Each structure stands twice: as C-alpha cells, then as structure tokens.
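Just so it is clear, none of the values below were taken in a lab; they were calculated from the coordinates. Model, not experiment: these values are computed from the prediction. Backbone-built Cβ (ideal geometry, glycine too); neighbour counts: all protein chains shown.
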Amino acid sequence: MSRSLAITIYAGTAIFFALFFAFPIWHTVEEAFVTADGTITLAYFAELFRNPLYLEGLVNSFFMGFFTTVLALVIALPLALIGNTWQFRGKEILHALLLVPLVLPPFVGALGVRQFLGQAGVLNTFLIDLGLMDASAPFDWLGEGRLVGIVLMNALHLYPIAYLNISAALANLDPAMEEAAGNLGCHGIRRLFRITLPLIMPGLFAGATIIFIWAFTELGVPLIFDFDRVTSVQIFEGIKDLSGNPFPYALVVVMLVATVLFYLAGKWCFGRDNFASSGRASTGRVLRSASPFGGLCCAGLFALVTAVAILPHIGVVLLSLSRDWYGTLLPTALTGQHYEDALGHPLTIHSIANSLKYASLATGLDVLLGIGIAYVVVRTRLPGRQFLDAIAMLPLAVPGLVLAFGYLAMTREGKPFDFLILGEDPILILVIAYAVRRLPYVVRSAAAGFQQTSVSLEEAAQNLGSTPMRALRKITLPLIAANLIAGALLAFSFAMLEVSDSLILAEQQQHYPITKAIYALISSLGTGPNLASALGVWAMAFLTVTLLGAGILLGRKMGALFRV
Amino acid sequence: MVTIRISSLVKRFGDVVALDHLDLDIAAGELFFLLGPSGSGKTTLLRAIAGLHLPDAGTIHFDEDDVTRLPPHRRETGMMFQSYALWPHLNVFRNVAFGLEERRVPKTEIRRRVDEALAMVKMDGLGARRVHELSGGQQQRVALARALVIRPRCLLLDEPLSNLDSKLRVEMRAEIRRICKEFGLTAVYVTHDQKEALSMADRMAVLDAGKIVQTGTPVDLYRRPRSAFVSSFVGETNLIEGTIATVSGDEYSIHTETGDLSARLAAPDWKPAPGDLVILSIRPECLSLHVDPPAENAITGRLIESVYLGETAQYSLKCEERETPLHISELNPHRVIRDTETRFHATAKPEDIVILKS
C-alpha cells in the first residue's frame, strides 16, 4: 500500500472518530458544565449529588456493575481452566453452546425471568403447590430483590466474555511455565494461585473491564424489570424532556468519569505487569484426556452453566408459545398464533426490516474501516499507527449509553449535526452509532488475520507483477476472509441487539429497530409480552446461528475480540 | 539476462544501518552468492534488488535501466522466499500461473508454460494439489517454478534451502544450479551456509555490517581471503598473530609467539614490509602432525582433544605460548592419536599460510 493511501486512511479514521466519537462526548460534557447564558458552572453536579434519588441510582449502578463482574468471573474462571486442561467427549459442541448466551438479548431474557420469578410466576406456583407458601400472600421476589435479578441476568449474559478472555490468555500461556512450577514441586491449587492466575491476570482484567463497563451502564434489563433506581434508566427517563434539563447531561458525565476511574483503578491494580510480552508459548498446550467419569463431570458442568444461562430465554420461548400462563408451572395452552401475529403486527415487520438495514449498513462500514485500520496498523510503519489502533479500540471502553446520549444531543434541532436526521429518519446517525460501537471487533479480527498471514505472501504477488492493492485483494483478503466474516458476524449480531442507541435514537415508530419494537410491545397491554417474546425468539434463533458460525470460523481466537 | 549494478546503496532502519554505501556488480548470467552472518544485510540487499525495500540513497541498475525507484511489481524479478510464500488458498497450478495471469497472458499459453515450468522442476502432474499437501522439497520446487515461469530478468533466492533436510539440500543445490545455467539466468542467492555458497557459486560476496568485505570466486575466497573475518567465516581456520621479520621476494618470515613461521601467500594488492603486524591464517586441513620436529613451520604442543569423524580426524593442539589451541584436521585417517603425554609438532607448507592485515 502506498504511503499516501495509508495516510488518507489514517486521516479519514481520525476525522471519523473526532466527529462521531470525541465530539458527542465533548458536546455532552459541555452541556453539563455550561448554563444557558454561557457561564461555566458546577451547580448541576452539586444539585445532582444532593439528590438522594440520583445518589441511590449511582450506588445501585455500581453494585450492578461490580457484582455482575464478580459473578461472571466466578462462573467463567473454573470453566475456562477446565476447558483448557481437559479433553472430554462433546467438548467442541459444549464449548460453542457455552458462548450462545452472549447473543441472546438479555432484556428479552428478562421477560422470561419475570415469568419465572414474578408474583404469579413459576417459582411461587411451585412453592405453593408444595405447600411451602401461602397462596394468598405470594412472595414478590423481584420486588424485594430486583437488583439481584438484574445482576443474575447480566452475569448470565456476559460470562462468555470472561470465558473467552481467560481462554485466550491460557492459550497464550507457555505450558512450560506451569511445568517448571510442577518440576519444582508446586502443583494443583497452589500452582493455580502462584503461577497460572498471576500470569493470566492481564487477560482476566481485560475481560473484567469490559463486563464491568457493560453492566455498569446496562439499560435494557433494568428497564424490563421496571427498576428505575439506576443511573442508566434515570438518564433514559430524563431524555423525555431534554430541552432546558441539564441533569441527564450531568448524569452521563458522572457515568463516563466513573467508568474511566474504575478502569484506571483496575488497570493500576491488576494490569500493571504485561506478561504478554514475555514471549509466546514454546510448545503447544497438550490437553489431558479426562477419565470417563471426570469427562462426564466436566461436560455436566458446561451443560449446567449453559442451561441455567439460557433458562430465561427458554421462558421467553414458552411465553411466546403460550395462550395462557398465569399462576401455573407451565403454560396451560400452547399456540403458534403469536408468531403469526408478531409477523403481522405493523411494528414488527418494519422493525425487522429496519434492524437488518441498519445493522448490515453498519457492518459494511465497519468492515471497510476495519480492513483499512488493521492494514495501516499491522502492515505499515506509519508513525502513530499505534495511536490509531488505540482509538479504534476506545469504543469498547466508553459506555454505549454515553455515546448514544451524545449522538442524541448533537443531532437535536439547532445543533451542528441536525442534518444527519433526514427529515425524521434517524438511519444515518443509527448506522454511525452502531458502526462506532462495533468497530473494535472488526479491527481486532482483521488485525489478527493480517498478523497471522505472512507479509511475504503479498510480497511474492508483488514480485510477480501485482500492484500492492491487487496483492491485498487477490492474496491477503481471501486468506483472512474467515477472520473478516467472523468479526463482521459478531458486529452484525451485536448491532441487531443494540439497546442504548436504538431506544434513544429511534423516535418514530416506522423507524424502530427490533429492540425498540420489543420494548414498545412489552409495555403495551394484552398479548404485548407474548408478541414481544415471539419477536425476541425470531431474533435469538437468527443470532444463535450467527454466533455458532463465528465460533467455528474463529475458534479460540475469539477471545482476542474482547480486549481493550 | 541482465547485469545488476549497485552503487553506494544505503538503507537504514531507524538507527540501524543495514546497508552502508554498498557497491556491487553482478555479471549477466552469473550465479552470484551473498554470504554473511545474520544481520549483515544480505537479505536487505536482496530485498532492495527486488524492490521490497526502498533504499535511502544509492542506485540499482538492471543493465542500463535505473530501477532504484521502480515498485516491486514492475521490476520483473523472480523471487524465491525463504518461507516459499506459496499461497495456501490456491493450488499448485494457480500458484505458478499467478504471475502469468497478472501479465494477461492468454489462457492456452498459461497452461502450456505452467506445465512446462512444473515439468522442469519435476512436479508435472501435481498441479491440482493444494500447497499443504506438498512436502518441503516439493513446495520448494513449486516456489522455484513460480519464480521462473514469468521469465524474470533475474532470479532472487532468499535462503531457499534452509528449511530442507541435509540430503535434500545437497540434491536441490545441483538442481537449482542446473536450471540457472540452462536458462543463462542472472541469479542472486542469499545464504549463511558457506558450503552452499562454495559448491554452487560462480562468484560470491561476503557481507559484514552492511558492507561487502570481499568478492570473488569460491576458490578466491577460500584460498586467498583478505581479512581474518572472511577467512574465519568461509571455512574454518587458525588465526595466529605475528610480526613480519624478513621479506625476500615472495618469501616471508613471520615472528609469532609459537615460533618463527614462513609463508608465501598474501593478499594480491598488499605487500607487507618488515615490522608490520599481521595475522596468519592456517586452515586445519593444511596442518599435519608429526612426532619428530619438521624442518620448518613447526608449532609444538600437547594434544588435548581427538575427534574421529570418519573422513577426517580432528585434533586440538595446545601450545604453551598460546591460549587458543590449534585445530588440525587429518584427511583419510587410518588411526586416531589419543596420546596426551607426547609433545607433537604441527606443520604447514609456506604456500598454505595466508598473511592478513592485522
């Protein structure tokens, strides 16, 4: 690639990020500190911190992030250690299934949880049937412990990220390190804590960071649980009267600052030593064959975690099929009517088409940008290319809610980017919003492809008469196609499931993406939740296939996609 | 078939100077070897000729054409990469056909020329194979066919045999040389294996720290090295420091710590004078062991190591005056001396001792 083209890509990406990453954040920050007459003030923050409602929201958000992270690690760490030590029957398929919850939209799953744990839910019915509960005074599980329910839902959704990161770290760990410890008499649990865990800490931390940021700012699940005492929901509610109301802006800034602080604190505690540079594995990790009984235990554990994680979504499937499910263990009557209705409902047909349109355009944009950025970073010696790599990864570290809010703020009437809203159609800003947030996955997978593909393969083509661009197209792109497809599939799935941008930016019914349509249906009366479930099941089936495909194409390298 | 003329070529990577004002002329049809330790700049030079590195200064000419700034895809060189760089997503035929497709050669001619090239490297009939189904030696042949099929102006080979086992390596040496000579190709061949260079080259250059330290035929470099670096890099040698005592005609007497030695060989462009500090280079196979003191050039000591290798026996002789033992190699030995008590005398003919600048 010629130097001028590389510089063009660099400059283009930098401008894109300045406009659609830095500017929305900056705009939000500005609104939070500047009064209507243009003076700088801290009054909004003072007010905010005096308001017990907002304070409680922040504390709850922190709990939501912290406990989700801890729980996700508790689930993922043993699984990753087992998966990277033992070989057992059915491991490949169990391994792929373990990752499925990642693409099951958690706020759809929350519907299922409501069905299980609600006052007239399955658990209470079960307890009443057993005579352990008084039927006239059923316990309100979600009323008392809604935060617990949210944490559980989030952790069951996000543990695959921790699992992938830890697995990738273990795969990079030179087995000789552990063998040396064993040779010196340190083994078992002792070796795990003295050698293995310290060495994989950076990978563990990378996964934990993403989970924390994700859960700390999660909007969809608390919304479905009708829990408005978290900051994310308070911001969402605040959007309804944004003009002249500075508090949503201030809340977004507080959330952003808190995220950055937690990230830095974590990095300072766990991420200081970068062991990754201490050389790659000299020998491959050899998996030990588990005994038949041991293998059964391992497989059982994997299957159990997956089963628990998809239980809420099984609830959703049942809900979507049920004619009547109230106060009974299982639906009393089944019907396919909701699926038909869901496809016939004006909201749903539009929303499926919209989501497909937004997500595929965003994915296309990501693939173009991703290939360009990865090429510049891996294949050129352009000064500052590491910086380009770093900014392309930044969207992982900034909460989606913050960005979504920034986009909304900067495209409001009279604001500089109002022109991006074509009439009422938010397609441009939604595509950009989807693309920015998913760009890291595509950049990472493309960069991994470029790194694995020897540059001499391109040089050989040039030597035989191909121009650099042609060599890239004829040789390298076909070779890294698997990486690109996997990254694109992942970007596409996450775009289809996007909550913050979708709920905040799509304002007209005919422009709703799937997620907002589901949200709208849930809040509507009658068979709304059933219709929402049916729509959710359509989405889930679709996305499960997508992620299974990505998992097969990328294998263990998937962990590299979730690193900051 | 082109001549390659390189003048004052400079290539820097950051602070590292990989090529330091390097000059080199390679004649048309010559099989030319670049030999040197790793980091000496030989691969950088080859890649500069291919256009894969843009030099910071200096020029490269193919015949009269200045190709210094020409991008790689317009240089018409055929390169064989150390890793072979065969494309795993294309089969053998498509790999070889690639360069012709890029040149928009008609389909029927591509088929004919690819088949011809595959036959030449004895890979006919294997065109449909995938690259990963080939052995190392077969991959190497495909890479060679791919580089040759475009009828390049010159062939560039970057350690093409380093991934093969020793038996196959010997076989392929002869094969590559045969093909180069059959086509009268100008070929530049990078290696760090001196046996490969000595056995195949028309001429060769030894590189060190981005400069060429000596150019010549294999016999020149082995028999008449101009520096201690060349003599110890091309083959094995014993280096002994000394001072010129007397000169008469082309007979030199040199005073060394192990006694006076007489020598007849010196670099052709240099005439040492009495009092000059010099280094003597004596190849192990030029030395022979004796129990009785020989008439001249005797170096005396006790054997500290004896190694029997079949075609040779190698001895280490420790002299009292010298730290480093003297290495002696006896061809076609019918016994091995393992006597560490007796004082032995090693000797070499004056015409086998090379005088080098200190």
*Please report, in Å, the Rg and the Dmax of chain B, where both are computed over Cα atoms only.*
24.5, 77
*So who's got an amide H within less than 5 Å of the one on B:Q214, skipping anything under 5 residues away but keeping other chains? H placed 1.01 Å off N, in plane.*
B:V206
*Any idea what the dipole of chain B comes to, in debye rounded to 20, about its Cα centre with Lys/Arg Cβ at +1 and Asp/Glu Cβ at -1?*
1880
*Please compute the net charge surrounding B:Y252, taking Lys and Arg as +1 and Asp and Glu as -1 over other residues with Cβ under 11 Å from its Cβ.*
-2
*Which angle from 0 to 90°, rounded to the nearest 10, does the C-alpha axis of helix B:166-183 make with the longest principal axis of chain B?*
60
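May I ask you to compute the full-extension gain from B:D65 to B:H132, defined as 0.36 nm times their residue separation minus their alpha-carbon distance, rounded to one decimal in nm? Can you show the working numbers first?
Details: separation 67, 0.36 × 67 = 24.12 nm, distance 3.90 nm.
Going from the current span to full extension adds 20.2 nm.
Could you quote the convex hull projected area for the protein assembly as shown, Cα atoms only and averaged over all directions, in nm²? List each step's numbers first, then the result.
Details: hull surface 212.0 nm².
Taking the Cα atoms of the protein assembly as shown, their convex hull projects to 53.0 nm² on average.
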_Förster-model FRET efficiency, 51 Å R0, A:F66 and A:V455, C-beta, rounded to 0.05_ = 0.70
*Determine, from the Cβ-Cβ distance of B:E109 and B:E182 and an R0 of 25 Å, the FRET efficiency 1/(1 + (r/R0)^6), rounded to the nearest 0.05.*
0.75
*Which angle from 0 to 90°, rounded to the nearest 10, does the C-alpha axis of helix B:107-120 make with the longest principal axis of chain B?*
20
_Between A:A18 and A:H187, what is the label-point separation in nm under the 7 Å Cα-to-beta-carbon projection?_
6.0
*With only Lys, Arg, Asp and Glu charged, each at its Cβ (+1 for the first two, -1 for the last two), find how big the charge dipole of region A:1-113 is about the Cα centre; round to the nearest 20 debye.*
640
*Bin by bin, in steps of 10 Å, what percent of the Cα pairs in region B:240-357 do you find, going until the bin that has the longest distance?*
14, 45, 29, 11, 1
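How much length is gained if the chain between A:V148 and A:L53 is pulled fully straight, taking 0.36 nm per residue apart and subtracting their Cα-Cα distance, in nm to one decimal? Walk me through the numbers before you get to the answer.
Details: separation 95, 0.36 × 95 = 34.20 nm, distance 1.92 nm.
Taking A:V148 through A:L53 to full extension adds about 32.3 nm, to one decimal.
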*Between beta-carbons, use under 12 Å as the cut-off and find the net charge around A:A495, counting Lys and Arg +1, Asp and Glu -1.*
0
_For the pair A:L197/A:L368, report the inter-label distance in nm, with labels modelled 7 Å from Cα in the Cβ direction._
4.8
*Given chain B, what percent of its DSSP beta bridges are antiparallel, to the nearest 5?*
75
*Put +1 on the Cβ of every Lys and Arg and -1 on every Asp and Glu Cβ in region B:4-228; which of B:A57, B:A27, B:V213 then has its Cα farthest towards the positive end of the dipole?*
B:A27
*Distant-in-sequence amide H partners of B:T68 (H built 1.01 Å from N, under 5 Å)*: B:I60
*Where a Cα-Cα gap under 20 Å defines reach, which lysines qualify for B:K122, not counting those fewer than 8 residues away within the same chain?*
B:K167, B:K181
*Name the lysines eligible as straight-distance cross-link partners of A:K240: C-alpha to C-alpha under 16 Å, and not fewer than 8 places from it in the same chain.*
A:K516
*Calculated FRET efficiency for the pair B:E241/B:E296, C-beta based, R₀ 22 Å, to 0.05*: 0.70
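So which trypsin sites (Lys or Arg not before Pro) in region B:279-344 end up in coil per DSSP with only 14 or fewer other C-beta atoms within 10 Å?
Working: sites: B:R302, B:K318, B:R322, B:R335, B:R338, B:R343; in loops: B:R322, B:R335, B:R338.
Passing sites in region B:279-344 are B:R335, B:R338.
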*asked:* Classify region B:52-91 from the C-alpha gyration tensor, please: rounded if a/c falls under 1.5, else prolate or oblate depending on whether a/b exceeds b/c.
replied: prolate
*How far is it, in nm, from the label point at B:R264 to the one at A:L42 when both lie 7 Å from their Cα along the line to the Cβ?*
9.6
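Can you give the charge dipole size of the protein assembly as shown about its Cα centre, rounded to the nearest 20 debye, using +1 on the beta carbon of Lys and Arg and -1 on the beta carbon of Asp and Glu? Don't skip to the answer; put the middle values down first.
Working: 78 positive and 83 negative charges, 315 e Å.
Around 1520 debye, computed over the protein assembly as shown.
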